[in-house]
Every structure is written in structure tokens, then in C-alpha cells.
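Written out below as C-alpha cells is the structure these notes cover.
The values are calculated or read from the model by the stated rules, or taken from the named source; none is laboratory data. Since the model is a prediction, treat every value here as computed from it, not as a measurement. Here the Cβ positions follow ideal geometry from the backbone for every residue, glycine too, while neighbour counts run over all protein chains shown. Heads up: the accessible areas ignore ligands, DNA and RNA and are worked out on the full protein's heavy atoms, side chains in. Shrake-Rupley method; radii C 1.70, N 1.55, O 1.52, S 1.80 Å.
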Amino acid sequence: ELQLPQIRVDAERLGAAAQRDHVSYLGFLAEVLSLEVDARAERRKQRRVVEARFPRNKRLTTFDLDAAPTVNPATIATLATGSYLDAGDPVCLLGDSGTGKTHLLIGLGIAACEQGRRVRYVTAAQLVNELVEAADDRKLSRLVTRYGRLDLLCLDELGYVQLDTRGAELLFQIITEREEKNSIAVASNLPFSEWGNVIADPRLVAAIIDRLTFHAHIIETGNDSYRLRSTRTARRRKP
């Protein structure tokens, strides 16, 4: 009834060990409760990862820094600590397709989940569609508030799909809601100078870039596709 599943699993084993090693009652109690606390923390981390809706499981530790010479390892190590989340700083990942932007974005998100943070991964197109539907159903304010409460919003693929004026304005609302309060990590295949190609209103483009770059950690992953390079290498190795 107390919903302590780890104690149910391990209490008998720990009890036998405590009796054998002459552990005190308080020592045994501390050990079983510590086990339950650790298990609960692990379940919370796993739940955070599921709730974030990552499309794949990617970690910062598996990112090939040797294949991405433009990415500073010290910057990745600093971001992995989550200190930028405490400050509400943005992260911008810029580079061509196949250079590791999404890997780093998901890796940052999973690291944040494992630190107990509330995270959501979404592509720019998916987010805009959600916002348009919410606006049509007169539920926009509620959705903006929900996205505003996240500790980290991982926004992927900004630049692949052109956004109309309404969609860009709705996206701007999310960015403004989070400004200097909660972090947003954005991955884009376009440099900032070309964001006007997917967002038609120049004033809106300038405002979005201004908010995403203020105190931002900007990481350029380059233009040499790791996926394409790996495919070519694999083909050359075939007999």
C-alpha cells in the first residue's frame, strides 16, 4: 500500500545480509530506504525521457567529436552539466544536414531529463501545427503556458519547412514566453542570415533571432555530413 516496489523486491535479501553482517536495525532501515529512493529517482528519469518524446536515443557521450572538428568539446562538457538551464540560456545548433545537430539536441535533452528536468522535443513544423490547432480551438493560451513551464524545449529542424506569417507569429509567442526564464535549444540547417528564407516577415525574423541569441551558446556543426561520409566509407569497404 505504501507503493515501495524496490523494497518488496530486495527486503528479504537485504534482511538476510544484515543478519549475517550484524547490521543494526537503523542500518538495515537506512539501506532499504536508500535503495527505494535510488530506484524511484531512476524511474523518474525514465519517465521524463518518455514524456519528452525523443525520436531516438542519443547521448552526448556517444557524439563523435573527432568527426566534428568545429564543435568544441569543452562547450559540450559545460552544457552537459545543465548550468545553462539554471540561467535559462538558449542553445543554438547550426549546420548542414547530417552533421550531428539532432544528436546533440537529443543528447542535451536526455541529459536534462536525467537531471530531473521537464523536457519536450518537437520539430518546428510539429510545434507550429500544434499551435495553429490550439488557436483554432481557442486553447492557445493553455498550450503556450504548458510549453512555457518546460525546463528545456528542444526545437529541431527549424529551416527545413517554410513557415507562414501566422505560424511564425505563434512560434514567436512560445519563444517570448520562455525568454530569460527557461531554456530553449534550437537546431537549424540554416545560418541566421538565411532564416528570412523560411520566415517571410523580416521584423519577426530579427525578433526571433534576437531572443534566441541573447546569452546563447552557439554551436556550429559544420557542413561536412557525417552520415554521407560514413555511407561512402562503407561502400568503399565492400568487396
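Structure notes:
- Between 0 and 90°, nearest 10: helix 25-52 axis offset from the chain longest Cα axis: 20
- Put a plus charge on the Cβ of each Lys and Arg, a minus charge on the Cβ of each Asp and Glu, and nothing anywhere else: the dipole of the chain about its Cα centre is then about 820 debye.
- Debye-sum result for the chain in log10 I(q)/I(0), which assumes one identical scatterer on each alpha carbon, at q = 0.10, 0.12, 0.17 Å⁻¹: -0.58, -0.75, -1.20
- Per residue, in Å², the accessible surface of the chain once ligands and nucleic acids are set aside, probe 1.4 Å: 58
- Heavy atoms of PHE54 accessible to a 1.4 Å probe, total area in Å² rounded to 10: 30
- Database remark: amide H of ALA185 closer than 5 angstrom to the amide H of VAL91, LEU153, CYS154, LEU155 (H placed geometrically; neighbours at sequence offset of 5 or more, or on other chains; Pro and chain starts carry no H).
- Helix 165-178 vs. the chain, principal-axis angle (Cα, 0 to 90°, nearest 10): 40
- Against the criterion of solvent-accessible heavy-atom surface with a 1.4 angstrom probe, LYS139, LYS58 sort, most first, into LYS139, LYS58.
- Note on THR75 and ALA207: the model spin-label points, each 7 Å out from Cα along the C-beta direction, lie 2.8 nm apart.
- Helix-only CD estimate at 222 nm, as mean residue ellipticity for the chain, using -39500 (n - 2.57) per DSSP H run (n ≥ 4): -17500 deg cm²/dmol
- Shape call, region 127-219: gyration tensor on alpha carbons, a/c limit 1.5: oblate
- Region 5-64: C-alpha gyration tensor shape, a/c 1.5 cut-off, then a/b vs b/c: prolate
- Each of HIS22, ALA206, ILE218 was placed along the dipole of the chain (beta-carbon charges, centred on the mean Cα), and the one lying farthest toward the positive end is HIS22.
- Solvent-accessible area of the chain (1.4 angstrom probe, protein heavy atoms only): carbon and sulfur portion equals 50 percent.
- Nearest 10 degrees, 0 to 90: helix 226-237 Cα axis against the chain principal axis: 80
- Heavy-atom accessible area with a 1.4 Å probe sorts ASP164, ASP96, largest first, into ASP164, ASP96.
- Surface accessible to a 1.4 Å probe, ARG117 within the full protein complex, Å²: 50
- Accessible area (Å², 1.4 Å probe, nearest 10) - ARG56: 120
- 3J(HN,Hα) from dihedral phi, region 113-129, Karplus parametrisation 6.51/-1.76/1.60, rounded to Hz, x for glycine, proline: 4, 6, 9, x, 8, 8, 10, 9, 9, 7, 7, 4, 5, 4, 5, 4, 4
- Centre separation in Å (Cα based) which lies between region 4-74 and region 174-214: 37
- Remark: accessible surface ordering of GLU51, GLU180 (largest first) is GLU180, GLU51, probe radius 1.4 Å.
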